[in-house]
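Take a look at the structure set out below.
The values are calculated or read from the model by the stated rules, or taken from the named source; none is laboratory data. Not measured: the values here are computed from a predicted model. Neighbour counts run over all protein chains shown; Cβ positions are idealised from the backbone, glycine included. We work out accessible area using only protein heavy atoms, side chains counted, and drop any ligands, DNA or RNA first. Shrake-Rupley method; radii C 1.70, N 1.55, O 1.52, S 1.80 Å.
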Amino acid sequence: MLIPIPSISEQERIAEALSDVDALIAELDKLIAKKRLIKQGAMQQLLTGHTRLPGFSNPWINTSISDAFDFGNGYTPSTKVEKYWNGGTLPWFRVEDIKLHGHILDDSIQHVTPLAIKTSLFPAGCFILSTSATIGEYAWLQCEALANQRFIFLIPKTESPILSDFFFHVLSILSEWCQANSDTGSSFPTVNMSLFKKYNIWHPSTIQEQQAIAAILSDMDSEISSLEQKKSKYEKIKQGMMQQLLTGRIRLI
């Protein structure tokens, strides 16, 4: 295989240009890791009541997850029935959606038709949490949807004392609890649902304090997301540079 190469001096300049982008990406990686650690520390303090925000002194309380949410089970329509899938437009979520698009979802990779609905779609604003196989994956759904059988749906009750914005961040704690409280006797791990339905959520007694905590953590999420997008942008720039500079299509002056 013949490899087209420029002179040593041009090779050095190309390598330097690409290394500069590598260094920039590495710095963004470090910054993202730092911001994630800062957020983790903030969550450990703010979601446990160990640190209180200025202006708030009302006591925190426990609310059973069963008192705050109604439950629903995900399911997979038969893949052998074409009318459930062909031309589908209704979101049907899997773990892959969360891994690809994050924890706030408004559409899915795969879709089903109205004929696949057993009773009704689960409402926008509910949460999904994987309780079997891949334990602890979660998302806040911004659309009416279905999900596969790995998920339980958490549908906020009208009288729930827990703000959805606050609970979204509590889900990271609940995710860890699920991983620590799963039965491994079957072919794949499954969360102990009898214990799950007794799980108590520790939270501020006022919606105002929940809103304030959620706002701080959401701002941190936005900052991390912005840095991740910036990193992705530079990775694409580097890819383009390599395609141009390592093929001789563009020459450095």
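Keeping to the stretch 82-120, report how many residues are open to solvent by 40 Å² or more (accessible area, probe 1.4 Å) and either in contact (Cβ under 8 Å) with a residue 24 or more places away in the chain or not aliphatic (A, V, I, L, M) (or both).
23
Looking at the structure I just gave you, is THR119 touching a Gly at 6+ places or on another chain (Cβ under 6 Å) and of a type outside the set (A, V, I, L, M)?
So THR119 does not fit the description; no.
Starting from residues that are among the acidic types (Asp, Glu) and under 21 Å from PHE153 (Cβ atoms), keep the ones in the stretch 167-209 and report whichever is most open to solvent (accessible area, probe 1.4 Å).
Ranking the qualifying residues of the stretch 167-209, first place goes to GLU176.
Looking at the stretch 210-246 only, could you name the residues that are closer than 27 Å to ILE173 by Cα, open to solvent by 50 Å² or more (accessible area, probe 1.4 Å) and among the β-branched types (Val, Ile, Thr)?
Residue satisfying the conditions is ILE216 alone.
Spot the failing condition for SER130; the list is (1) touching a residue at least 24 places away in the same chain (Cβ under 8 Å); (2) open to solvent by 50 Å² or more (accessible area, probe 1.4 Å); (3) among the polar types (S, T, N, Q); (4) farther than 21 Å from GLU228 by Cβ, and only one is missed.
Against the list (1) touching a residue at least 24 places away in the same chain (Cβ under 8 Å); (2) open to solvent by 50 Å² or more (accessible area, probe 1.4 Å); (3) among the polar types (S, T, N, Q); (4) farther than 21 Å from GLU228 by Cβ, SER130 comes up short only on (2).
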